[in-house]
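Note sheet for the following structure.
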Amino acid sequence: MKATETKLKGCFILEPTVFEDSRGYFFESYNENKLEEILGYKPTFVQDNQSNSSYGVIRGLHMQAGDHSQAKLVRVVEGAVIDVAVDARPDSETFGQSVAVELSAENKKQLFIPRGFLHGFSVITEKATFFYKCDNGYNKESENGVNPLDAQINIDWGIPVDKMIISEKDQEAQSFEEFRK
C-alpha cells in the first residue's frame, strides 16, 4: 500500500497494491497493522457506513464535534466522487484549508480523514456507492457542518451549479465564518 500525506497533517491518500489477472482483481482494502504504521497510532473502527447517490449529489460538509468526533477511512465501490476534507482543527496551521481527491471504483484510492475535519463528497458519475469506516459512533447532538458552497472555503465540486443536488439541511448549514466562532 502506498500512503501519501496531503498538505493537511494526518490526512492520507492510500493506494492499495492491486493484483489483476484474467479472472479480475484482488486487493487488500484494510489492514490494521499497515494503517497503524502509516498513522503512528491504531484507530479502532467501530462503525461502517455506506451510501448510494446519483450524479450531482453533494453530501457535506459534515463532522461530529467534541467527544464524538470521528476519524474516517473512505472509499468508493461503484462510480466516482470528488472527496473533500477541510481542516477544522482550530489550532492547526492548515485550519480552513481543504484537499479534494477523486476516489473511484476504478482507481481504488482511499482517504484517511483524522478527527477534527469537515468532510463531504460530490458524485461525478451516473451513480456512486460510497463506503466508510468511522472510529466513533454517530451522535445526533454532536452533528456539525458547513454549507458545501461556502465562498470562504471555495471548493470546486466538479459539478455545474445547475446540476448540483444538495439536501435542504446542507443548503441551510452555517457558513465557515459562523462555524469558526
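Readers should treat all values here as calculations from the given coordinates under stated rules, not as data from a laboratory. Just so we're clear, the structure is a prediction, and the values are computed from it rather than from any experiment. FYI the Cβ positions are ideal-geometry reconstructions off the backbone, even for glycines, and counts take in every protein chain you see.
Things to note:
- R0 of 35 Å, Cβ-Cβ distance TYR138-GLN171: FRET efficiency to nearest 0.05: 0.95
- In terms of the mean number of neighbouring beta-carbon atoms within 10 Å, the peptides 19-31, 140-152 order highest first as 140-152, 19-31.
- Surrounding net charge for SER104, when Lys and Arg each add one and Asp and Glu each subtract one, Cβ distance under 11 Å: -1
- Here each label is just a point 7 Å from Cα along the line to Cβ, and for VAL18 and LYS127 those points are 2.0 nm apart.
- In order through the stretch 97-113: 3J(HN,Hα) via Karplus (6.51 cos²θ - 1.76 cosθ + 1.60), integer Hz, x for Gly, Pro: 8, 10, 10, 10, 9, 7, 10, 8, 4, 6, 7, 6, 5, 10, 10, 9, 10
- Taking a Cβ cut-off of under 12 Å around MET63, the surrounding Lys, Arg, Asp and Glu residues balance to a net charge of +1, with basic ones at +1 and acidic ones at -1.
- A helix-only calculation puts the chain at -2000 deg cm²/dmol for mean residue ellipticity at 222 nm, using -39500 (n - 2.57) for each DSSP H run of at least four residues, averaged over all residues.
- Other residues within the sphere of radius under 15 Å centred on the Cβ of ILE155, judged by their own Cβ, net out at -4 (K and R +1, D and E -1).
- Of (i) 41, 36, 33; (ii) 51, 35, 29; (iii) 51, 39, 28, the label for Cα extents along the principal axes in Å derived from the coordinates: (iii)
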